Amino acid sequence: MEAIFQAQAKFRLDRGLTKVKAIRNQNYKRHGTKSYVYLLNRFGFEPTKPGPYYQQHRIRQRGLAHPDFHAPVGGRVHHTKHLHKKVNKHGAPDATGTETGEVGAEDQQNDSEYLCEVTIGTPGQTLLLDFDTGSSDLWVFSTELSKTIQKGHSVFQPTSSSTFKKLPNQAWQISYGDGSSASGDCGSDNVTIGGLTIKNQTVELASKLAQQFAQGTGDGLLGLAWPAINTVATNGKSTPANTPVANMITQDDIPSDAELFTAAFYSERDANAQSFYTFGYIDTDLVSSSGQDIAWTDIDNSQGFWMFPSTSTSVNGKAISQSGNSAIADTGTTLALVSDEVCEALYNAIPGATYDDQQQGYVFPQSTDVSSLPEFKVSVGDTQFVIQPEDLAFAPADDNNWYGGIQSRGTNPFDILGDVFLKSIYAIFDQGNQRFGAVPKIQASQNLSSSAQ
């Protein structure tokens with residue numbers, strides 16, 4: 001490994017590469033239930049615990065309308081899921097509500113906790129993008145959007161870039177279970193990340209954005225998952241575009257022993273630490289300071305995610321075997337979602353913790369002392385990592401309780417390990433070798449009450 005580190009250091013020096021600062025979004029406000037509803041919408045799983053929000057199945061049939069009852073007859077029948085909420089007589093979400101409401105932007109956490117500077121075009125135009133290992137589109141606010149939606153954002157102007165090229169007949173669309181979508185057309189241009197320039201990178205220009213997307217602080221998204229789940233289509237046929245990292249590899253922008261990127265996230269409690277990404281090299285100081293070798297595990301990218309085996313968990317040293325279990329590392333998710341069995345074991349070990357139907361999540365008293373929180377570990381391959389106890393308190397649930405950072409994955413077939421987990425490790429996404437690596441990155445003891453910030 002030492003020889004690889006040396007080669008990466010030389011590459012970094014020769015190319016003048018820099019860390020990409022993951023800037024804390026000052027407008028981001030944590031909200032437990034809204035973050036959970038966002039994940040219900042994004043991944044489309046069924047909740048297995050009670051609450052206002054649920055998936056409603058619909059049957060759609062393609063065919064010709066019958067003249068007598070104006071409905072399609074024949075053709076293919078397929079099922080779709082649509083996110084709904086139970087509401088009370090005032091229209092507010094209510095687990096015991098008898099009426100049904102549509103889920104809108106106000107129900108979900110649509111802002112990003114971290115944003116990164118990316119330069120697009122010649123001369124370069126700087127935008128703040130959400131780096132997301134759970135998706136594969138690079139889309140930006142563009143001059144094709146209405147002036148109202150552009151307001152408050154840095155907007156990419158294709159006509160101001162001498163290297164921009166229109167990609168005829170190419171379009172993109174991201175859709176979610178609440179009916180919201182983002183869509184537009186495509187071009188290619190130079191994209192610079194951390195001093196590394198990718199030429200002819202497909203850039204998806206937003207021409208339509210639902211309120212869910214428009215109300216965020218960032219200027220778009222940069223997907224870091226695998227190209228297979230990119231949404232670009234040519235003349236209506238799926239033709240996934242390469243992600244920036246995939247293009248770094250295919251265009252030989254980075255050497256064979258540096259076909260990776262890394263992520264280091266810190267809490268707002270870590271006043272002197274700066275969250276960052278690197279592209280083309282590993283921060284050896286963080287690896288050395290961990291006192292451990294990098295724990296590597298092969299990933300399964302068949303679904304487009306950074307998915308790896310995660311077959312063991314422990315609460316205060318008591319093991320919970322999860323034979324065959326998998327997890328994804330997702331920088332686009334704030335919470336960590338695990339099985340109901342694991343959730344129950346964790347919150348049973350926190351005095352006063354309970355499940356709150358109205359908030360659709362586990363909560364525990366704000367009076368809880370950090371020292372009384374359990375040691376909670378999840379595995380990356382064969383190695384277990386502690387989730388920093390302070391991060392078990394995600395956000396105030398009410399005046400007296402925290403909304404837990406670990407919640408139920410419902411019927412989702414794999415764990416979703418977002419920032420609550422990633423803040424405790426230095427994550428290495430080795431795309432060239434199709435593996436994921438980690439070392440612990442636990443900070444000194446911190447004040448639990450500052451989680452509210």
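Of note:
- Residue-span extension gain [Thr100 to Gln157] - 0.36 nm each, minus C-alpha spacing: 16.3 nm
- FRET E, pair Gln56, Lys208, Förster distance 35 Å, beta-carbon r, rounded to 0.05: 0.90
- Modelled label reach - Asp369, point 7 Å along Cα→Cβ, segment 383-410 residues with backbone N closer than 16 Å: 390
- When you restrict to C-alpha pairs under 8 Å that are six or more residues apart and normalise by the size of segment 283-452, the relative contact order lands at 30 percent.
- Listed by number, the DSSP H helices of the chain that run 15 Å or longer by alpha-carbon position along their axis and have mean Kyte hydropathy of at least -0.5 are 32-43.
- Basic side chains Lys and Arg get +1 at the Cβ, acidic Asp and Glu get -1 at the Cβ, and with that the dipole of segment 212-358 about its Cα centre reaches some 220 debye.
- If you take the Cα centroid of segment 209-235 and the Cα centroid of segment 259-312, the two points sit 23 Å apart.
- The length gained on full extension between Lys49 and Gln358, counted as 0.36 nm times the residue separation minus their Cα-Cα distance, comes to 110.2 nm.
- Computed FRET value (nearest 0.05) for Ala228 with Thr148, which takes r as the C-beta separation and R₀ as 35 Å: 0.50
- Value at 222 nm in deg cm²/dmol, rounded to 500, when DSSP H runs of n ≥ 4 in the chain each add -39,500 (n - 2.57): -3500 deg cm²/dmol
- Volume in Å³ per residue [convex hull over Cα atoms, computed for segment 292-359]: 153
- Convex hull volume of the chain per residue (C-alpha atoms, cubic angstrom): 163
- Length gained on full extension, Lys81 to Asn348, computed as 0.36 nm times the residue gap minus the Cα-Cα distance: 92.9 nm.
- Estimated FRET transfer efficiency (Asn169, Lys199; beta-carbon r; R0 30 Å; 0.05): 0.90
- Amide proton proximity set for Asp415, modelled H, under 5 Å, gap of 5+: Ser326, Ala327, Ile328
- Table column - 3J(HN,Hα) (Hz), segment 207-219, Karplus curve with 6.51, -1.76, 1.60, x for Gly and Pro: 10, 9, 9, 5, 4, 3, 7, 5, 7, x, 7, x, 9
- Remark: spin-label model distance His90-Asp298 equals 5.6 nm, labels positioned 7 Å along the Cα→Cβ axis.
Every number in this text was worked out from the coordinates using simple rules, so none of it is lab data. Everything quoted here is computed from the prediction, not taken from an experiment. Here Cβ is always computed from backbone atoms with ideal geometry, including for glycine, and neighbour counts include all displayed protein chains.
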